[in-house]
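Trainee: Questions regarding the structure given below will be posed in turn.
The values are calculated or read from the model by the stated rules, or taken from the named source; none is laboratory data. Treat the numbers as computed from the prediction; the structure is a model and nothing was measured. Glycine gets a Cβ as well: all are built from the backbone with ideal geometry, and neighbour counts include every protein chain shown. These accessible areas exclude ligands, DNA and RNA; they are computed on the full protein's heavy atoms, side chains included. Shrake-Rupley method; radii C 1.70, N 1.55, O 1.52, S 1.80 Å.
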Amino acid sequence: MVEKLVIDHVGHRGDGVARGGHEAVYVPYTLGGETVEVEDVHGHPDRRHLLAIDVASPERITPFCPHFGVCGGCAIQHWQDDRYRAWKQQLVVETLRQSKLDCEVAPLVDAHGAGRRRITLHARMGTHDVLKVGFAAAQSHDVIAVDRCPILDPALNGALEAAWALAEALISVGKPLDIQVTATLNGLDIDVRGSGPLTAAMITALSRIAEKHRLARLTRHGELVLMRNAPVIAIGPAQVTLPPGSFLQATAAGEETLAALVEKHAGRARHIADLFCGVGPFALRLAKRSRVSAFDSDAGAVTALQKAATATSGLKPVKAEARDLFRRPLMPAELRDYDAVVFDPPRQGAQAQSERLATSKVPVVIAVSCNAATFARDARILVDGGYKLEGVTPVDQFRHTPHVELVARFSR
């Protein structure tokens, strides 16, 4: 059914929100005040597909990417920058307010920098056995074939061509592929997931592709296929060799911005616990002036961090340990020797660890989060345990999306 709606505002997922009767209706790629023509989305009674804009907002601008609106990577390229930035900061303000957390929220810090340094591409056989390599479509599992993406770091130049070549060599096994590409100092690091076992002929073909596209390393489901150069990144003063498929902040500027805020909030702490430490984006910088104990469930990341710390001169002692902090959070007795604790959990947050921190005597806790909702839950636990939430800084490294990072300082 085709209908006309007036958009009230932009919601927390980046969609325009209209009132269809008494229920909210969501229309992607629209802005507050616009009158739009829409149609139903099968199976989603609260969503509409945009057909036309009858009355456009004066805040609307022309998207810069030809794939916008089809590719599901970006939700907002059509909104003036100042309005977009204010909306993104307000997402954090409203989430904190809902949890009755009262503190100053700083202006949004842009951390897009040179662009995304890691991506996951999908390879699928489409109709008539036509190969498609690209990103997931908006609100769909379809793949939108792309030959370029304007939000990528120049260090990922050649990533799309390499992914196409790998897909052509591997898709014959009949399974969909996910191809994770990370830019490193020594070339592209690629991990392929979804392929079947590799034959000798396929490995030979992959070796030629790696040479032609100057890949640093190629792994399959985290297992080494070939390595031309160690995939290394710089973290502060250290050089870290990445484990296969390793997590990194999406942009180099994002990592640097988050780390600078963490360092500022840590102040003169002499002994710091870095929880959910990954490969050490905070630990290896904090160790320039503080002893650091780092914990993460990813044993490969912990090993990479420890090797980098040991090989870097001028750092204070760093001790890295593999530990599942969801099942075995640090207990108050284990926390008593730290002047500060940093925690940067996955999207699900760190409820169990926050509950232990809330009963500890650690004077400073620094929280880093990629999910304002789970941050608010964990922050509520800390505040109820006697901590004061001193302030929150939102950080935008996922520009053009509703995702926002944040850094907060708690003290007692």
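Trainee: Suppose the filter is in contact with a Ser or Thr (Cβ under 6 Å, 6 or more places away or on another chain) and open to solvent by 10 Å² or more (accessible area, probe 1.4 Å); does Pro317 pass it?
Mentor: Taking the combined requirement at face value, the residue does not satisfy it.
Trainee: Kindly indicate the residue of the range 223-242 that is in contact (Cβ under 8 Å) with a residue 60 or more places away in the chain and part of a loop (DSSP other than H, G, I, E, B) and also least open to solvent (accessible area, probe 1.4 Å) among those meeting that condition.
Mentor: If we take residues in the range 223-242 being in contact (Cβ under 8 Å) with a residue 60 or more places away in the chain and part of a loop (DSSP other than H, G, I, E, B), then Leu242 is least open to solvent (accessible area, probe 1.4 Å).
Trainee: Which is open to solvent by 70 Å² or more (accessible area, probe 1.4 Å) and hydrophobic (A, V, I, L, M, F, W, C), of Val93, Val38, Val17, Val70?
Mentor: Result of the check over Val93, Val38, Val17, Val70: Val70.
Trainee: Related question: Identify, from the list Gln348, Gln353, the residue that is crowded, with 20+ Cβ neighbours inside 10 Å and polar (S, T, N, Q).
Mentor: That would be Gln353, the only listed residue that is crowded, with 20+ Cβ neighbours inside 10 Å and polar (S, T, N, Q).
Trainee: Do you know which residues across the range 73-90 are in a loop (DSSP other than H, G, I, E, B) and surrounded by 16 or more Cβ atoms within 10 Å (Cβ to Cβ)? Steps first, answer last, please.
Mentor: So in the range 73-90, the residues in a loop (DSSP other than H, G, I, E, B) come out as 73-78, 80.
Passing the criteria: Gly73, Cys74, Ala75, Ile76, Gln77, His78.
Trainee: Being open to solvent by 10 Å² or more (accessible area, probe 1.4 Å) and either over 17 Å from Arg228 (Cβ atoms) or β-branched (Val, Ile, Thr) (or both) is the filter here; which residues of the range 159-179 pass it?
Mentor: Leu160, Trp164, Glu168, Ile171, Ser172, Val173, Gly174, Lys175, Pro176, Asp178
Trainee: Where residues in the range 363-412 are over 16 Å from the mean Cα position of the chain (by Cα) and among the basic types (Lys, Arg), which of them is most open to solvent (accessible area, probe 1.4 Å)?
Mentor: By that ranking, first place goes to Lys388.
Trainee: Is there a residue in the range 199-208 that is in contact with a helix residue (DSSP H, G or I) (Cβ under 7 Å, 6 or more places away or on another chain) and either closer than 25 Å to Val292 by Cα or among the small types (Gly, Ala, Ser) (or both)?
Mentor: Within the range 199-208, one or more residues are in contact with a helix residue (DSSP H, G or I) (Cβ under 7 Å, 6 or more places away or on another chain) and either closer than 25 Å to Val292 by Cα or among the small types (Gly, Ala, Ser) (or both).
Trainee: A follow-up question, please. Residues to consider are Arg328, Arg291, Arg323, Arg285; find the one that is in contact with a His (Cβ under 9 Å, 6 or more places away or on another chain), among the basic types (Lys, Arg) and farther than 18 Å from Pro231 by Cβ.
Mentor: Unique residue meeting the criteria: Arg291.
Trainee: So, one more: Out of the residues in the range 256-268 that are open to solvent by 10 Å² or more (accessible area, probe 1.4 Å) and under 17 Å from the mean Cα position of the chain (by Cα), which is nearest to Thr401 (Cα to Cα)?
Mentor: The extreme case among them is Thr257.
Trainee: Please name all residue pairs, on different chains or six or more residues apart, with Cβ atoms under 9 Å, provided the first residue is in the range 243-270 and is over 17 Å from Ser290 (Cβ atoms) and modelled with pLDDT under 95 and the second residue is open to solvent by 20 Å² or more (accessible area, probe 1.4 Å) and of a type in the set (Asp, Glu).
Mentor: From the range 243-270, the pairs are Pro244/Glu223; Ser246/Asp298; Phe247/Asp298.
Trainee: Quick one: Leu335 ticks every box in (1) hydrophobic (A, V, I, L, M, F, W, C); (2) under 16 Å from Thr184 (Cα atoms); (3) over 18 Å from the mean Cα position of the chain (by Cα); (4) open to solvent by less than 50 Å² (accessible area, probe 1.4 Å) except a single one, so which number is it?
Mentor: Of everything listed in (1) hydrophobic (A, V, I, L, M, F, W, C); (2) under 16 Å from Thr184 (Cα atoms); (3) over 18 Å from the mean Cα position of the chain (by Cα); (4) open to solvent by less than 50 Å² (accessible area, probe 1.4 Å), Leu335 misses just condition (2).
Trainee: Of all residues in the range 96-132 being assigned to a loop (DSSP other than H, G, I, E, B) and within 30 Å of Ala167 (Cα to Cα), which is most open to solvent (accessible area, probe 1.4 Å)?
Mentor: In this case the residue turns out to be Val130.
Trainee: Being touching a Gly at 6+ places or on another chain (Cβ under 9 Å) and part of a loop (DSSP other than H, G, I, E, B) is the filter; apply it to the range 366-398 and report the residue that is farthest from Arg85 (Cα to Cα).
Mentor: So the residue we want is Asn371.
Trainee: What pairs come out if I take residues in the range 343-358 that are among the hydroxyl-bearing types (Ser, Thr, Tyr) and pair them with residues that are surrounded by 16 or more Cβ atoms within 10 Å (Cβ to Cβ) whose C-beta lies under 7 Å away, six or more apart or interchain?
Mentor: Ser354/Asp378; Ser354/Ile381; Ser354/Leu382
Trainee: Now, a different point. Among the residues of the range 55-64, is any open to solvent by 30 Å² or more (accessible area, probe 1.4 Å), at pLDDT 95 or above and not in a loop (DSSP other than H, G, I, E, B)? Working first, answer last.
Mentor: Of all residues in the range 55-64, those open to solvent by 30 Å² or more (accessible area, probe 1.4 Å) come to 55-56, 58-64.
Right, trim to at pLDDT 95 or above and you get 55-56, 58-64.
After this cut, where a residue has to be not in a loop (DSSP other than H, G, I, E, B) as well, the list is 55, 60.
Yes, the range 55-64 contains at least one residue that is open to solvent by 30 Å² or more (accessible area, probe 1.4 Å), at pLDDT 95 or above and not in a loop (DSSP other than H, G, I, E, B).
Trainee: Condition first: in contact with a Ser or Thr (Cβ under 6 Å, 6 or more places away or on another chain), closer than 30 Å to Ala309 by Cβ, part of a strand (DSSP E or B) and free of Cβ contacts under 8 Å to residues at least 40 places away in the same chain. Can you find one or more residues in the range 212-219 that meet it?
Mentor: Residues of the range 212-219 in contact with a Ser or Thr (Cβ under 6 Å, 6 or more places away or on another chain): 216.
From the residues that got through so far, the ones that are closer than 30 Å to Ala309 by Cβ too are 216.
Still in the running and part of a strand (DSSP E or B): 216.
Filter again for free of Cβ contacts under 8 Å to residues at least 40 places away in the same chain, leaving 216.
Within the range 212-219, one or more residues are in contact with a Ser or Thr (Cβ under 6 Å, 6 or more places away or on another chain), closer than 30 Å to Ala309 by Cβ, part of a strand (DSSP E or B) and free of Cβ contacts under 8 Å to residues at least 40 places away in the same chain.
Trainee: Please find, among Gln397, Gln306, Gln351, the residue that is touching a Ser or Thr at 6+ places or on another chain (Cβ under 7 Å) and not hydroxyl-bearing (Ser, Thr, Tyr). Please lay out each step first, then the result.
Mentor: Values: Gln306 fails: touching a Ser or Thr at 6+ places or on another chain (Cβ under 7 Å); Gln351 fails: touching a Ser or Thr at 6+ places or on another chain (Cβ under 7 Å).
Exactly one of Gln397, Gln306, Gln351 is touching a Ser or Thr at 6+ places or on another chain (Cβ under 7 Å) and not hydroxyl-bearing (Ser, Thr, Tyr), namely Gln397.
Trainee: Right, next: Residues that are open to solvent by 70 Å² or more (accessible area, probe 1.4 Å) and β-branched (Val, Ile, Thr): does the range 146-158 have at least one?
Mentor: No, the range 146-158 contains no residue that is open to solvent by 70 Å² or more (accessible area, probe 1.4 Å) and β-branched (Val, Ile, Thr).
Trainee: The conditions are (1) open to solvent by less than 10 Å² (accessible area, probe 1.4 Å); (2) free of Cβ contacts under 8 Å to residues at least 40 places away in the same chain; (3) of a type in the set (Val, Ile, Thr), and Val279 fails exactly one of them. Which is it?
Mentor: Only one criterion in (1) open to solvent by less than 10 Å² (accessible area, probe 1.4 Å); (2) free of Cβ contacts under 8 Å to residues at least 40 places away in the same chain; (3) of a type in the set (Val, Ile, Thr) is unmet by Val279, namely (2).
Trainee: Kindly evaluate Thr182 against the criterion of being surrounded by 20 or more Cβ atoms within 10 Å (Cβ to Cβ) and either closer than 30 Å to Arg48 by Cα or modelled with pLDDT of 95 or more (or both).
Mentor: On the way: surrounded by 20 or more Cβ atoms within 10 Å (Cβ to Cβ): yes; either closer than 30 Å to Arg48 by Cα or modelled with pLDDT of 95 or more (or both): yes.
Considered against the rule, which asks whether it is surrounded by 20 or more Cβ atoms within 10 Å (Cβ to Cβ) and either closer than 30 Å to Arg48 by Cα or modelled with pLDDT of 95 or more (or both), Thr182 comes out as yes.
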